[in-house]
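Every number here is computed from the coordinates shown, using simple stated rules; none is lab data. Here the structure is a predicted model, which is why all the values come from computation and not from measurement. No Cβ is skipped: glycine too gets one built from the backbone with ideal geometry, and neighbour counts run over all protein chains shown.
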Amino acid sequence: MIETISKKLAPKGVLRIGLNMSNFLLINGKDTSGLPDGVSPDIGKRLAKELNIRHELVLYAKPGMLADEVNNDKWDIGNIACEKERTKTIDFSNSYVNIDANFIFRTKDNFKTNDDVNTAGTKVAVLERSAYDLWLTENFKNVDLVRVNTIEESHKLFREKKVDVLAGLKPKLIEEIEANNDFEMIAIPFTFIKQSIGIKKGNPEILDFLNNFISKLIKEGFVESLLKKHNVQKKLSVPKIV
């Protein structure tokens, strides 16, 4: 079983792990070799160990760039968020961690709910082609989404009052609020980001294997141990196994 999956998933004999380097929660350091370290690389390495093959990290500056390479034979698994638009070209496993996505605003604007943000004329800064950008594009039809290339650019737009609202991952938004008393967060997330393992479409047996693999890691407490190892246990949540 393992050998069959290994040959189908990584026919070159090396598991090529596509990483989204912009996700500061899942890649938050470097290992002793100077390579990216964090929950996402460790999940990929653990899968390679399960398949009894070597691994190789393939780095992308943004998730959209990783997703674009799905059919170009550059990676075997892509560790990015599962989102409706991406499922058109990528099959995703169940999530191994979840991240809240929230809005922050200036106190004087007095947004009470997420629906308050979804009004004509409201400018919202987002990281282009992030999972929450794709979700907002699909679900918030009234707002003016102002897309930028980096997370820092989105924060800068908000600080400079060029947009009304900043959308982002909750942990980073909390840092912004702590640095400025004029900013507030809408407490209820507008969505949560499901960090998953993506593969080329059309391989249901591999997808079943990955779902069982993730379920096992969660049940055994491996994922929780990774969150503690990388000091993100208060910023990420472990999905419940049904």
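For trypsin sites (Lys or Arg not before Pro), the sites in the stretch 85-141 that DSSP calls loop and that have at most 15 other Cβ atoms within 10 Å are K112, K141. Multiplying the residue separation of S33 and M1 by 0.36 nm and subtracting their alpha-carbon distance yields 8.3 nm. The lysines within cross-link reach of K228, meaning a Cα-to-Cα straight distance under 24 Å and a gap of 8 or more places when in the same chain, are K30, K45, K49, K170, K172, K194, K216, K219, K240. Phi angles of the stretch 112-128 translate, via the Karplus equation with coefficients 6.51, -1.76, 1.60 and θ = phi - 60°, into HN-Hα couplings of 9, 10, 4, 5, 4, 6, 7, 10, 4, x, 7, 9, 10, 7, 9, 6, 4 Hz per residue; Gly and Pro are given as x.
Starting from a Cα-only point model with no solvent, please compute log10 I(q)/I(0) by Debye for the stretch 80-223 at q = 0.09, 0.12, 0.20 1/Å. Log10 of I(q)/I(0), two decimals: -0.33, -0.55, -1.13. Computed 3J(HN,Hα) for the stretch 106-111, one whole-Hz value per residue from the Karplus formula 6.51 cos²θ - 1.76 cosθ + 1.60 where θ = phi - 60°, is 7, 3, 5, 7, 6, 6, glycine and proline marked x. The length gained on full extension between K228 and D68, counted as 0.36 nm times the residue separation minus their Cα-Cα distance, comes to 54.4 nm. The calculated Kirkwood hydrodynamic radius for the chain is 18.7 Å, given to one decimal from all distinct C-alpha pairs. Highest GNM mean-square fluctuation among E85, E138, E184, for the chain modelled with Cα contacts below 10 Å: E138.
Classify the stretch 122-171 from the C-alpha gyration tensor, please: rounded if a/c falls under 1.5, else prolate or oblate depending on whether a/b exceeds b/c. It comes out oblate by the Cα gyration axes.
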